[in-house]
1. Can you tell which of 126, 133 is at pLDDT 95 or above and part of a helix (DSSP H, G or I)?
2. Residues to consider are 27, 46, 33, 65; find the one that is more than 26 Å from residue 2 (Cβ to Cβ) and either at pLDDT below 95 or not in a helix (DSSP H, G or I) (or both).
3. Looking at residue 151 and the list (1) surrounded by 14 or more Cβ atoms within 10 Å (Cβ to Cβ); (2) out of contact with any strand residue (DSSP E or B) (no Cβ under 9 Å at 6 or more places or on another chain), which single condition is not satisfied?
4. Scan the range 131-147 and tell me whether some residue there is surrounded by 15 or more Cβ atoms within 10 Å (Cβ to Cβ) and over 18 Å from the mean Cα position of the chain (by Cα).
5. Among residues belonging to the range 161-177 that are under 26 Å from residue 102 (Cα atoms) and in a loop (DSSP other than H, G, I, E, B), point out the one that is farthest from the chain's Cα centre (by Cα).
6. Does the range 88-100 contain any residue that is farther than 15 Å from residue 4 by Cβ, out of contact with any helix residue (DSSP H, G or I) (no Cβ under 6 Å at 6 or more places or on another chain) and assigned to a helix (DSSP H, G or I)?
7. Restrict the check to the range 11-24 and report whether at least one residue is surrounded by fewer than 22 Cβ atoms within 10 Å (Cβ to Cβ), in contact with a strand residue (DSSP E or B) (Cβ under 6 Å, 6 or more places away or on another chain), at pLDDT 95 or above and closer than 26 Å to residue 192 by Cα.
């Protein structure tokens, strides 16, 4: 099936992309949603501009969709943009990294139905602890936001190894948060996988006295560029619109700390 992937650069969206490829789907493009509000109900905001490095590294078209960040309104704004992208790329399905959030899944289900698409959720309904363990084995990623009790300044920028994954799982049991961070308890950024290799050159921690913080990536670069497209990823020429979007994202500084 020819699909688009709702993509943040975090572990769940990236792992869902990888799983979709392994299931034989053809990935036509990535869609990255940029919210004007840091407290969006639906979409990631931390370091979102650095997801564009992934699209470039994998050799696949990527689109930025700007939304207001206002509840429900942002979903309708995404729908309007998706209509254009779906027609342009002849999309049949949309892949998301939803694991357990019925709020998020139900809204993408509705969008998919309106657009005549299949909503593909490779991680949906799986045991969250096992998902995190699997991701820690198959991907390399860092923690870029720590918003839950049990997560500390030392976790910011930390690579989530299998050992660190067990630490997160233990904290999630103790403090009652989602072990995969489904409710925004923490966010991540992938820098190594079977599909890409990115080097994080510089970053900075911001920790608030009330007990939450961000790791803001300041500089990153591609280590290995897949000019012909990733294995099993249909190589799609970069559209002018997508290239313009990358430039506008950099100019606007999306992902920087407020």
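The values are calculated or read from the model by the stated rules, or taken from the named source; none is laboratory data. Remember, predicted model here, so these are calculated numbers, not experimental data. No Cβ is skipped: glycine too gets one built from the backbone with ideal geometry, and neighbour counts run over all protein chains shown.
1. On the way: 126 fails: part of a helix (DSSP H, G or I).
Only one candidate passes the filter, namely 133.
2. None of the others qualify; the one that does is 46.
3. The single condition residue 151 does not satisfy is (2).
4. Within the range 131-147, none of the residues are surrounded by 15 or more Cβ atoms within 10 Å (Cβ to Cβ) and over 18 Å from the mean Cα position of the chain (by Cα).
5. The selected residue is 176.
6. Within the range 88-100, not a single residue is farther than 15 Å from residue 4 by Cβ, out of contact with any helix residue (DSSP H, G or I) (no Cβ under 6 Å at 6 or more places or on another chain) and assigned to a helix (DSSP H, G or I).
7. For the range 11-24, residues surrounded by fewer than 22 Cβ atoms within 10 Å (Cβ to Cβ), in contact with a strand residue (DSSP E or B) (Cβ under 6 Å, 6 or more places away or on another chain), at pLDDT 95 or above and closer than 26 Å to residue 192 by Cα: absent.
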